[in-house]
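So the structure is just underneath, and the comments pick up after that.
The values are calculated or read from the model by the stated rules, or taken from the named source; none is laboratory data. What you see is a predicted model; the values in this text were computed from it and never measured. Positions of Cβ are generated from backbone atoms using ideal geometry, with glycine treated the same way; all protein chains shown enter the neighbour counts. For accessibility, only protein heavy atoms count, side chains too; no ligands or nucleic acids. Shrake-Rupley method; radii C 1.70, N 1.55, O 1.52, S 1.80 Å.
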Amino acid sequence: MGHEVLRCLRPSAGEVAVDCTLGGGGHARAILERVRPGGRLIGLEVDPLELPRTEARLRAAGFGPDVFVARHANFAGLPKVLAAERLTRVDLILADLGVSSMQFDNPDRGFSYKGVGPLDMRMNPLRGESAAQLIARSIEAELARLLEDNADEPHAHLIARLLKQQPLETTHAAARLLRAGLSSAFPRLAKADVKMSTRRTFQALRIAVNDEFSALDALLRSLPRCLAPGGRVAMLTFHSGEDRRVKKAFQA
């Protein structure tokens with residue numbers, strides 16, 4: 001998506017950019033290379049484990065504090081970050097929504113059932129409740145609602161009932177339970193559909209654990225006062241709920 005992001009943002013020398021989801025720093029590096037000389041980029045990252053690694057990577061690539069600033073922050077707090085940097089508006093804003101590959105590929109973070117790990121899913125593992133804790137405290141109706149709202153899951157009520165059958169502590173335990181329960185309830189359901197429902201369940205739980213839609217709504221509300229005249233925004237979305245929120249905000 002790198003070329004598409006650059007084509008949309010059209011960064012040029014002297015501009016000030018914000019990468020709301022710094023992640024591994026790939027997009028940030030590409031933008032930084034194009035805003036020099038005279039420009040700068042502020043990178044926001046909610047994950048305190050990945051932020052120092054990415055900052056070190058970009059520093060090693062030659063981007064000093066004069067052009068690149070890294071901040072541990074959720075993009076919901078974009079106006080506060082800009083105020084701390086003595087900025088009122090910026091020229092470019094990028095938000096790559098969802099989970100990063102570094103988080104997804106680390107089984108210890110619990111975002112994926114491809115590896116054995118705790119059913120965690122917190123982007124900031126130092127605060128908040130894990131996915132296992134969310135499931136344990138939620139009633140069945142609440143789980144069904146978040147599956148519908150966060151992932152458009154067609155079997156939300158069955159899956160909510162399955163999730164409440166027994167305590168779940170690991171990603172593999174949750175995935176096994178879902179696969180077995182869906183296959184038993186719907187013998188003719190294709191394996192691909194069972195897999196898709198399992199993926200949607202993990203997505204819905206991740207969004208709920210990290211309160212992602214509330215953060216996105218806050219970011220969208222703040223864009224008009226954070227973006228300079230003639231400024232550009234690029235948002236990468238991978239879920240229909242994110243698309244709906246983005247489209248609604250820009251139509252308004």
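Sorted by accessible area (1.4 Å probe), largest first, how do SER214, SER130 line up? It would help to have the intermediate numbers written out before the result.
Numbers: SER214 60, SER130 15 Å².
Solvent-accessible surface, decreasing: SER214, SER130.
Express in Å², to the nearest 10, the accessible area of ARG36 obtained by rolling a 1.4 Å probe over the protein heavy atoms while all chains stay in place.
110 Å²
Determine the shape class of segment 63-182: with a ≥ b ≥ c the square roots of the Cα gyration tensor eigenvalues, call it rounded for a/c under 1.5, and otherwise prolate if a/b is greater than b/c, oblate otherwise.
Since a/c reaches 1.5 and a/b is larger than b/c, the shape of segment 63-182 is classed as prolate.
At what distance in nm do the modelled label points of LYS80 and ASP66 sit from each other, each positioned 7 Å from its Cα along Cα→Cβ?
A separation of 3.1 nm, rounded to one decimal place.
Put +1 on the Cβ of each Lys and Arg and -1 on the Cβ of each Asp and Glu in the chain; which of ILE31, SER12, ILE42 then has its Cα farthest toward the positive end of the dipole?
SER12
Which cross-chain or sequence-distant (5 or more) residues have an amide H under 5 Å from the amide H of THR170, H modelled 1.01 Å from N in plane?
LEU119
Pick out, in residue order, every one of the GluC sites (Glu not before Pro) in segment 86-167 that is DSSP loop and has at most 15 other C-beta atoms within 10 Å; say none if there are none.
Here the GluC sites (Glu not before Pro) that fit, given the DSSP loop and packing criteria, are GLU129.
Is segment 113-207 rounded, prolate or oblate when judged by the Cα gyration tensor, a ≥ b ≥ c being the square roots of its eigenvalues, rounded requiring a/c under 1.5 and prolate requiring a/b larger than b/c?
prolate
Place a point 7 Å from Cα of LEU126 in the direction of its Cβ. Which residues in segment 73-88 have their backbone N less than 14 Å from it?
Only 73-74 pass the distance filter.
List the aspartates and glutamates whose alpha-carbon lies under 14 Å from that of LYS195, not counting same-chain residues fewer than 8 positions away?
Here the aspartates and glutamates satisfying the reach criterion relative to LYS195 are GLU153.
Just to make sure I understand: if all protein chains stay in place, what is the order of HIS172, HIS157, HIS3 by accessible area at 1.4 Å, largest first?
HIS3, HIS157, HIS172
Taking the alpha-carbon distance from LYS114 and a cut-off under 19 Å, which aspartates and glutamates remain once sequence neighbours fewer than 8 residues away in the same chain are dropped?
Cross-link targets: ASP105, GLU169, ASP193.
Could you calculate the contour length gain from ALA141 to ARG10, that is, 0.36 nm times the residue separation minus the distance between their Cα atoms, to one decimal place in nm?
42.6 nm
Give the percent of DSSP beta bridges with both residues in the chain that are antiparallel, rounded to the nearest 5. Present the calculation step by step, with values, prior to reporting the outcome.
Numbers: 1 of 19 bridges.
Close to 5 percent.
Counting only other residues whose beta carbon sits under 9 Å from that of PHE111, what net charge do I get with K and R as +1, D and E as -1?
0
Report HIS72's accessible area, 1.4 Å probe, all protein chains in place, as a number in Å² to the nearest 10.
Result for HIS72: roughly 100 Å² accessible.
For P(r) over Cα pairs in 10 Å bins from 0, in percent, the listed values are [x] 7, 24, 33, 27, 8, 1, 0; [y] 7, 29, 31, 20, 10, 2, 0; [z] 7, 30, 35, 22, 6, 0; which was obtained by calculation from the structure presented?
Recomputing P(r) over Cα pairs in 10 Å bins from 0, in percent here picks out [y].
If you take the beta carbon distance between GLN133 and ALA190 as r and set R0 to 41 Å, what does 1/(1 + (r/R0)^6) give as a FRET efficiency, to the nearest 0.05?
With a Förster radius of 41 Å, E is 0.80.
About the Cα centre of the chain, how large is the charge dipole given +1 on each Lys and Arg Cβ and -1 on each Asp and Glu Cβ? Please answer in debye to the nearest 20. Spell out each step's value before the answer.
Details: 36 positive and 29 negative charges, 59 e Å.
So the dipole magnitude of the chain works out to roughly 280 debye.
Given the rule -39500 (n - 2.57) for each run of at least 4 DSSP H residues, summed and divided by the residues of the chain, what is its mean residue ellipticity at 222 nm, to the nearest 500 deg cm²/dmol?
-15000 deg cm²/dmol
Which shape class applies to segment 1-93: rounded if a/c is under 1.5, otherwise prolate when a/b exceeds b/c and oblate if not, where a ≥ b ≥ c are the square roots of the Cα gyration tensor eigenvalues?
rounded
Kindly report, to the nearest 10 Å², the accessible surface of LYS195 as traced by a 1.4 Å probe over protein heavy atoms only.
Roughly 120 Å² of LYS195 is accessible to a 1.4 Å probe.
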